[in-house]
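Just below is one structure, and these are the notes that go with it.
The values are calculated or read from the model by the stated rules, or taken from the named source; none is laboratory data. Predicted model only: the values in this text are computed from it and were never measured. FYI the Cβ positions are ideal-geometry reconstructions off the backbone, even for glycines, and counts take in every protein chain you see. Note: accessible area is taken over every heavy atom of the protein model, side chains too, but ligands, DNA and RNA are not part of it. Shrake-Rupley method; radii C 1.70, N 1.55, O 1.52, S 1.80 Å.
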Amino acid sequence: MDFHKSRTLTWFSLAMVVVGAVGTVLFVGWLLGEGGRRTSLILIVCPFILLIGLLGLVATLTPLKLRIDEYGVRVRNRRERVNLPDPVPWQVFDAVTIEHKPDEQDKDPYLVVWPKGPVPGLPAERAIRRGGTVGFALVQVGDLTEPVERLAEALRHYAGPLFRDTTVRQRANDA
């Protein structure tokens, strides 16, 4: 099952670029033309809106590919510096979870794999350590178009007993 990157932030960033560009053109026109009159504060802020929109647009254009199937998991996520172009079989993992990073409890949860040993393509500097086990965040669930329930369903189907769906249960209990 393929999962796709959400484009919500892309559209929001694009809207900021358009608003910021129009405002910046008006602001430059005001500076070059009749600079003596009062101007709106929004025109002064528009160059910053344009810059923030451009930064957001660049951030959302980084590649994100996630495939979960009977052969294992494939991920390419530059944001998390994860590159697993070939399927990593389920037998390599002790567990697969959907959970928050320890230092990011207020953000969206991540798909985290807990390998039995080293796996090339998983960044050691971004490891989550819990006692003697080491996990790696593959992708933030909020970056995907599909809801967390669909990801959990795919993991239940393909990863089987390796998948521990505590986050999905917590969300259902909180609702």
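Structure above, values below:
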| item | result |
| --- | --- |
| Sole exception among (1) closer than 17 Å to Gly135 by Cα; (2) in a helix (DSSP H, G or I); (3) touching a helix residue (DSSP H, G or I) at 6+ places or on another chain (Cβ under 7 Å) for Ala95, by number | (2) |
| Residue pairs meeting the criteria (Cβ under 8 Å; at least 6 apart or on separate chains; first under 18 Å from Arg76 (Cβ atoms) and in contact (Cβ under 8 Å) with a residue 40 or more places away in the chain, in the range 108-124; second open to solvent by 20 Å² or more (accessible area, probe 1.4 Å) and among the charged types (D, E, K, R)) | Pro123/Arg81 |
| Output for the range 63-86, where each listed residue is of a type in the set (S, T, N, Q) and either outside the structural domain of Val119 (by the TED database) or in contact (Cβ under 8 Å) with a residue 40 or more places away in the chain (or both) | Asn77 |
| Criterion (surrounded by fewer than 19 Cβ atoms within 10 Å (Cβ to Cβ) and within 16 Å of Leu151 (Cβ to Cβ)) met by exactly one of Asp86, Asp106, Asp69 | Asp69 |
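A quick yes/no check of all residues on (1) under 18 Å from the mean Cα position of the chain (by Cα); (2) touching a residue at least 60 places away in the same chain (Cβ under 8 Å):
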| residue | (1), (2) |
| --- | --- |
| Gly20 | no, no |
| Leu32 | no, no |
| Leu43 | no, no |
| Cys46 | no, no |
| Leu57 | yes, no |
| Ala95 | no, yes |
